[in-house]
Amino acid sequence: MLGDSPNKLLTHYHEDAKTMYEVFQRGLHIAGDGPCLGSRLPNQPYKWLSYKEVTTRAEHLGSGLLSQGCTPSPDQFIGVFAQNRPEWIISELACYTYSMVVVPLYDTLGPDAIRYIINTADIITVICDKPEKAQVLLGNVERQETPGLKRIILMDPFDPALVEQGEGCGVIVQSMQDVEVRRESPPTPEDLSIVCFTSGTTVLFESMVTVLSSVSLFPQSVVYCHGGRIGFFQGDIRLLSDDMKALRPTIFPVVPRLLNRMYDKANTPLKRWLLNFAAKRKGSEVSRGVIRMDSLWDKIFFSKIQASLGGRLRMIVTGAAPASPTVLGFLRAALGCQVYEAYGQTECTAGCTFTTPGDWTSGHVGAPLPCNLIKLVDVAEKNYFAAKGEGEVCVKGPNVFIGYLKDPGRTAETLDIDGWLHTGDIGKWLPNGTLKIIDRKKHIFKLAQGEYISPEKIENIYIRCEPVTQLYVHGDSLQSCLVAIVVPDPETMPAWALKKGMEGSYRDLCKNTVLKKAIMDDLQRLGKASGLHSFEQVKNIYVHNEQFSIKNGLLTPTLKAKRPELREFFKEKIEDLYENISM
């Protein structure tokens, strides 16, 4: 734990970079006319906007908002409804330049959530990327579902008919170029900066920069502060590999799910034993602090893997979900770069711990960041006690949020009177001062016999099953045991099944009862090896042939399982599983 008082915690690295506005201005001073934001069209190289161009466009856009009646005030909320792209950052910077508050909107949240956010945050102006999204917004206004929306600003070209549609319901539709210049009005470190709606909750953030914690929410702050540049993908996850080869990044923030895919693909082409042998040999160098891409093992085995990510990676940062120690160890060796793991949540500006350079051990999420304190508090109902170095993770510092928007009750539940954020995660202090996340206080339930169950803990163990890519563990107080929905990996499962004497298409194999038993046996093996109690082991599974996704409503935009939706979606299958359990 770093520091013994919130007054001694790190709030910023540079005196001239205390707000997101100042962070970008510092980058502008360092980089001048250097590249800042890059994007590309299919089969074309990246095109870059310079720091000066981005600053000028942000000032023009912000002045345009002021000319349309917006006020340079932390009480002014501006919605941004677009995919990640340079114009998104320009819109965000325009808000920071004029002390306004940016509110991200994502179509993956669903139409109900979009309406809820606009109404809850009293959003009058929305900046969006495509005319199709503008039509959705106008439709909401026409149906009196978002009557407060009065202005839509479009990034892409649009048909004049859209302007007429807007006039019909009292909404002004204009392009980003329709602006007039005014003087900027930047915020202070105490001003509100951004309102993030995440998984159905609303979060207010102070306008501050805690650079080390900017892993997920503000990854750009680290880059801007040093005059670096950011490249955006084309918007299609299937083309991500192509974008990586074209961009050739040096720093890559990534969720564990993508790391798992990289690991699975890396292991498939070559004989497993030979590739693992090479990774272990190179891994011995990593454990001594030697990080390189020019060893014999790189030339023979890993050069293609490195080239698929651009060949220039120096650092990978992962978070948002637990990462497998096996995957982290393999990638540190195979990619020849530093791989860090972070932990946090939106309520603490994404991060509160970070693994330390030089510590390449796995199975923990690092030490507390210099910007916050961490303590563990008792969770007696699950037999976790702070005196034993275990308990609910609580965070305090300038990176902690100030509350949920218009929801004082929920704020009081999460943020106590002393300013400690209660995360709902169960942690354990390790002897080296790092934190290990071992359980969840949230999403727990009792079985009929009174045993407490943490399904996410079980899922994090079972997901190591080689042919499995996703799973959902279910139980409730009316049942005495657990069942699970299992989704095999379309790429690895067929080969795994073939080794066990089973052939067929992916869909046919998913219906194969022999395959089901093989997966079930492997889950039981993993559970036993990880110390699961008998009541924590699933007693029946259903093998599903379609992945959980944002599109089908079973994953959040950050690729986390929507448990209520999964429970409802598989309601009949779950009932069948319980009816056919052979104890």
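All of the numbers you see were taken from the coordinates with simple rules; none came from a lab. Keep in mind the model is a prediction, meaning the values are calculated, not measured. All Cβ positions, glycine included, derive from the backbone under ideal geometry; neighbour counts span all protein chains shown.
Please list, in chain and number order, the residues 5+ apart from residue 438 or on another chain whose amide H is under 5 Å from its amide H, with Hs placed from the backbone.
Close amide H contacts, sequence-distant or interchain: 426, 427, 428.
What is the diffusion coefficient of region 248-342 in µm²/s, taking the Kirkwood radius over Cα pairs and the Stokes-Einstein relation at 4 °C with a viscosity of 1.567 mPa s?
Values: Rh = 13.1 Å.
The calculation lands on 99 µm²/s.
Taking Cα pairs under 8 Å and at least six residues apart, what relative contact order does the chain come out at, in percent? All intermediate terms of the calculation are to be shown ahead of the outcome.
Numbers: 1096 pairs, mean separation 67.5, N = 583.
In percent, rounded to a whole number, it is 12.
Working from Cα positions, state the angle (0 to 90°, nearest 10) between the long axis of helix 51-67 and the longest principal axis of the chain.
60 degrees
So, in region 344-440, how many Lys pairs have Cα atoms under 20 Å apart, if the pair is 8 or more places apart or on different chains?
The number of close lysine pairs in region 344-440 is 11.
Taking the simple approach of a point 7 Å from Cα along Cα-to-Cβ for both residue 144 and residue 528, what is their distance in nm?
For the pair residue 144/residue 528, the computed spacing is 6.5 nm.
Got a sec? Charge dipole of the chain, +1 on Cβ for Lys and Arg, -1 for Asp and Glu; which of 393, 460, 291 is way out at the positive end?
291
How much length is gained if the chain between residue 188 and residue 413 is pulled fully straight, taking 0.36 nm per residue apart and subtracting their Cα-Cα distance, in nm to one decimal? Let's see the in-between values first.
Details: separation 225, 0.36 × 225 = 81.00 nm, distance 2.85 nm.
Here the segment from residue 188 to residue 413 would lengthen by 78.1 nm.
Do any GluC sites (Glu not before Pro) in region 510-583 lie in a loop, going by DSSP, with at most 13 other beta-carbon atoms within 10 Å of their beta carbon, and if so which?
On the way: sites: 536, 546, 565, 568, 572, 575, 579; in loops: 546.
In loop regions of region 510-583 (DSSP not H, G, I, E or B), the sparsely surrounded GluC sites (Glu not before Pro) are 546.
Subtract the Cα-Cα distance of residue 476 and residue 237 from 0.36 nm times their separation in residues, and report this length gain in nm to one decimal.
Residue separation times 0.36 nm, minus the Cα-Cα distance, leaves 82.5 nm.
Mind giving me the FRET efficiency for residue 71 and residue 119? R0 is 25 Å, r the Cβ-Cβ distance, nearest 0.05 is fine. Intermediate values should be presented prior to the final figure.
Values: r = 20 Å, r/R0 = 0.80.
E between residue 71 and residue 119, to the nearest 0.05, is 0.80.
What nm distance separates the two modelled labels at residue 112 and residue 572, each placed 7 Å from Cα along Cα→Cβ?
Result: 2.1 nm between the two label points.
Using the alpha-carbon atoms, what tilt in degrees (0 to 90, nearest 10) does helix 325-335 show relative to the longest principal axis of the chain?
60 degrees
What FRET efficiency, computed as 1/(1 + (r/R0)^6) with R0 = 51 Å and r the Cβ-Cβ distance, is obtained for residue 552 and residue 15, rounded to the nearest 0.05?
Details: r = 49 Å, r/R0 = 0.95.
The value I calculate is 0.55.
For 128, 481, what's the fewest-to-most ordering of other Cβ within 10 Å of each Cβ?
On the way: 128 25, 481 21.
With the sparsest Cβ surroundings first, the list reads 481, 128.
Please report Rg (one decimal) and Dmax (integer) in Å for the Cα set of region 297-430.
Rg and Dmax of region 297-430, Cα atoms, are 18.1, 59 Å.
Among the GluC sites (Glu not before Pro) within region 1-77, which fall in a DSSP loop and have no more than 12 other Cβ atoms within 10 Å of their own Cβ? Could the numbers behind the result be given before it?
Working: sites: 15, 22, 53, 59; in loops: 15.
Of the GluC sites (Glu not before Pro), the ones in loops of region 1-77 whose Cβ has at most 12 other Cβ atoms within 10 Å are 15.
Give the value in nm², to one decimal: projected area of the alpha carbon convex hull of the chain, averaged over all directions.
Its average projected convex-hull area is 28.1 nm².
Quick check: residue separation of residue 303 and residue 406 times 0.36 nm, minus the Cα distance between them. What number comes out in nm?
Working: separation 103, 0.36 × 103 = 37.08 nm, distance 5.23 nm.
Stretched out fully, the residue 303 to residue 406 stretch lengthens by 31.9 nm.
Could you tell me which of 86, 100, 174 has its Cα farthest along the dipole of region 11-231 towards the positive end, charges placed at Cβ (Lys, Arg +1; Asp, Glu -1), taken about the Cα centre?
With unit charges placed on the Cβ atoms, the residue in question is 86.
Does anyone have the angle between helix 272-287 and the longest principal axis of the chain? Alpha-carbon axes, 0 to 90°, nearest 10?
60 degrees
Go ahead and estimate [θ] at 222 nm for the chain from helices alone: -39,500 (n - 2.57) per DSSP H run with n ≥ 4, summed, over the residue count, rounded to 500.
About -9500 deg cm²/dmol.
What is the Cα convex hull volume of region 11-231 when expressed per residue in Å³?
Values: hull volume 27.0 nm³, N = 221.
Each residue corresponds to 122 Å³ of Cα convex hull volume.
How big is the charge dipole of the chain about its Cα centre, in debye rounded to the nearest 20, if each Lys and Arg gets +1 on its Cβ and each Asp and Glu gets -1 on its Cβ?
Details: 65 positive and 66 negative charges, 515 e Å.
About 2480 debye.
Would you please state which residues of region 137-177 a label at residue 41 would reach in this model, taking the label point 7 Å out along Cα→Cβ and a backbone N cut-off of under 15 Å?
156-157
Over the alpha carbons of region 386-450, what is the largest minus smallest coordinate on each principal axis, giving the biggest first in Å?
Principal axes ranked by extent give 39, 36, 16 Å for the Cα atoms.
What FRET efficiency comes out for residue 375 versus residue 511 if R0 is 35 angstrom and r is the Cβ-Cβ distance? Round to the nearest 0.05.
On the way: r = 50 Å, r/R0 = 1.43.
My answer for the efficiency is 0.10.
Mind putting a number on the dipole of region 445-579 about its Cα centre? Charges go on the C-beta only, +1 for Lys and Arg and -1 for Asp and Glu, and I need it in Debye to the nearest 20. Display every interim value, and only then the final one.
Numbers: 19 positive and 19 negative charges, 38 e Å.
Here the size comes out at about 180 debye.
For region 159-167, just list the computed ³J(HN,Hα) in residue order, Karplus coefficients 6.51, -1.76 and 1.60, θ = phi - 60°, integers in Hz, with x standing in for Gly and Pro.
In residue order, the calculated couplings are 6, x, 4, 5, 5, 5, 4, x, 4 Hz.
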